[in-house]
Amino acid sequence: MRVQLQPCYLLHRRPFRDNSELLDVFSVEYGRLGLIARGLSRRRRGGPLGALLQPFRPLLLSFSGKGELLTLTGAESGGELAPLHGEALLSAFYLSELLLRLLQRFEVQPALFTAYGAAIADLSDVASTGNARLSLEPALRRFEFRLLEELGYAVDLSTDASCGAVIRADAHYALVPDFGFREVAAAASPSNASFAGTDIMAIAEGHFDGVSGLAAKRMVRTLLHPHLGSTPLRSRSMFETTRGPRAQTGEEIEAGGV
Amino acid sequence: MYRFSPAMDALIEGLRCLPGVGPKSAQRMALHLLERNREGALTLSRSLADAVERVGRCQQCRNLAEAVLCGICSDTGRDPTLLCIVETPGDILAIEQAGGYRGRYFVLMGHLSPIDGIGPEEIGLPILEALARDGEVQEVILATNPTVEGEATAYYITRMLEPLIPRLSRIAHGVPLGGELEYVDGSTLAHAFSGRQPVRGS
Ligand SMILES: [Zn+2]
């Protein structure tokens, strides 16, 4: 196959064999791809190609070949983005790690591609306005819920999966991955193992801040857990340690990003 | 495929550990050493074995060193209150060649790369934190690369050192001297804009 100027994001790159690198990219029409790139540090007009091939920026990549690994034949910038820094940057690593862990090679996901681009653009906005925590959280949740949806791991947020009854604001529910919500007696279940009906209803309407934001985060973790396996997400644990020295209050730790 | 001898094959295979050396160039190098320059080959093999045996890490800054401390850390003429953090020993060479810097260094030997499992421990941050807690260092200059990983590393270190070090700065990344704006790539230009310096009025 021979593809010209395909919109892509670079998820990861690492040295590969002699003088080459292996790029893990997410492309709009071909999904997640492995591309072998040669001579990235070679000097050329406008700087070496390796400098252009950075994560989190829109790229137009050309590639060819057949089989599992393709060969990069060209790269251009696909648009500019305010540079990511600080917590927005760490959050972006987390989004990429999610895709690397959950997407198969050649798994085509155009809607997820768009959602990833939108999430990165949101993070970039947050980074440039400096209005950190508040806007960072909802951006991450929006992407995570979209990811669950596109990968088929989402559950129905409007009904009790065990009986089909509508979720009630004053009830409490247990969440079973790949099944859905099931009503439980509030007293019988610790608050961090069940979800309040009000929170589920708020999340269904896309409210990812405040109290329902914390519930949303717990919901995502519960739903992704069976698919991520036992290996923790490395960017998430790093994100948590950077919070560590600063986050003095329990509240701040709880409210932390990913 | 024709093979010379087991020793020759081992040499060719060994040379391939060098960056950018494929099977063809490894073959050429091996032939050159054995056919044309046996004396050079012997010197190379001795100095290689010697270096691998004797060169370790400086206990204070993680730079390459033959003693407990590297040449820079043991140089009393250097300012111990000033610390520059770099990714590799090669970066020290570049800064030293540029001249003008009289402080000490700390070498991370890489950068944070969560996806590859390279975290704070792997780049020696506990050692850096202990050094910062000693209280001698007053100013830290972050000179990690202008890549996203370098940026994330600088951010992480900033968060860690903020309560400990009075002055923290990050080297400016921007338009190269002698470069023409038209040929500078977009992200470099964006970096240069966000790191612009006031010339008047502020
Ligand atoms: Zn040293």
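A few points about this structure:
- The lone criterion from (1) at pLDDT below 95; (2) more than 26 Å from residue A:38 (Cα to Cα) left unmet by residue B:17 is number (2).
- Scanning the range B:74-109 for residues that are assigned to a loop (DSSP other than H, G, I, E, B) and closer than 18 Å to residue B:171 by Cβ yields B:87, B:88, B:99, B:100, B:101, B:102, B:108.
- Count - residues of the range B:15-41 that are at negative phi and either within 14 Å of another protein chain (Cβ to nearest Cβ) or open to solvent by 90 Å² or more (accessible area, probe 1.4 Å) (or both): 18
- Pick from the range B:94-119, criterion surrounded by 15 or more Cβ atoms within 10 Å (Cβ to Cβ) and within 14 Å of chain A (Cβ to nearest Cβ), ranking: farthest from the ligand (Cβ to nearest atom): B:115
- Which numbered condition residue A:89 misses (of (1) touching a Ser or Thr at 6+ places or on another chain (Cβ under 8 Å); (2) within 14 Å of chain B (Cβ to nearest Cβ); (3) in contact (Cβ under 8 Å) with a residue 12 or more places away in the chain): (1)
- Total residues in the range B:120-150 satisfying the condition of being of a type outside the set (S, T, N, Q), open to solvent by less than 60 Å² (accessible area, probe 1.4 Å) and in a loop (DSSP other than H, G, I, E, B): the figure is 6.
- Qualifying helices (runs of 4 or more DSSP H) (wholly inside the range A:189-258; at least 3 residues being modelled with pLDDT of 90 or more and either of a type outside the set (Gly, Ala, Ser) or on the phi > 0 side of the Ramachandran plot (or both)): A:197-204, A:210-228
- Neighbours by Cβ (under 9 Å, 6+ apart or cross-chain): first from the range B:66-79, more than 20 Å from residue B:52 (Cα to Cα) and among the basic types (Lys, Arg); second part of a loop (DSSP other than H, G, I, E, B) and within 10 Å of the ligand (Cβ to nearest atom): B:78/B:72
- Options B:57, B:78: the member that is near the ligand (Cβ under 9 Å from one of its atoms) and more than 14 Å from chain A (Cβ to nearest Cβ): B:57
- Residue that is nearest to the other protein chains (Cβ to nearest Cβ) [pool: residues in the range A:92-108 that are open to solvent by 20 Å² or more (accessible area, probe 1.4 Å) and in contact with a Phe, Trp or Tyr (Cβ under 8 Å, 6 or more places away or on another chain)]: A:106
- Check on residue A:71, more than 9 Å from every other protein chain (Cβ to nearest Cβ) and more than 13 Å from residue A:143 (Cβ to Cβ): yes
- Residue count, the range A:109-120 (criterion: surrounded by 15 or more Cβ atoms within 10 Å (Cβ to Cβ), part of a helix (DSSP H, G or I) and touching a helix residue (DSSP H, G or I) at 6+ places or on another chain (Cβ under 9 Å)): 5
The values are calculated or read from the model by the stated rules, or taken from the named source; none is laboratory data. What you are looking at is a predicted structure, and each value in this text was computed from that prediction instead of being measured. All Cβ positions, glycine included, derive from the backbone under ideal geometry; neighbour counts span all protein chains shown. Surface accessibility is based on the protein's heavy atoms, side chains included, excluding ligands, DNA and RNA. Shrake-Rupley method; radii C 1.70, N 1.55, O 1.52, S 1.80 Å.
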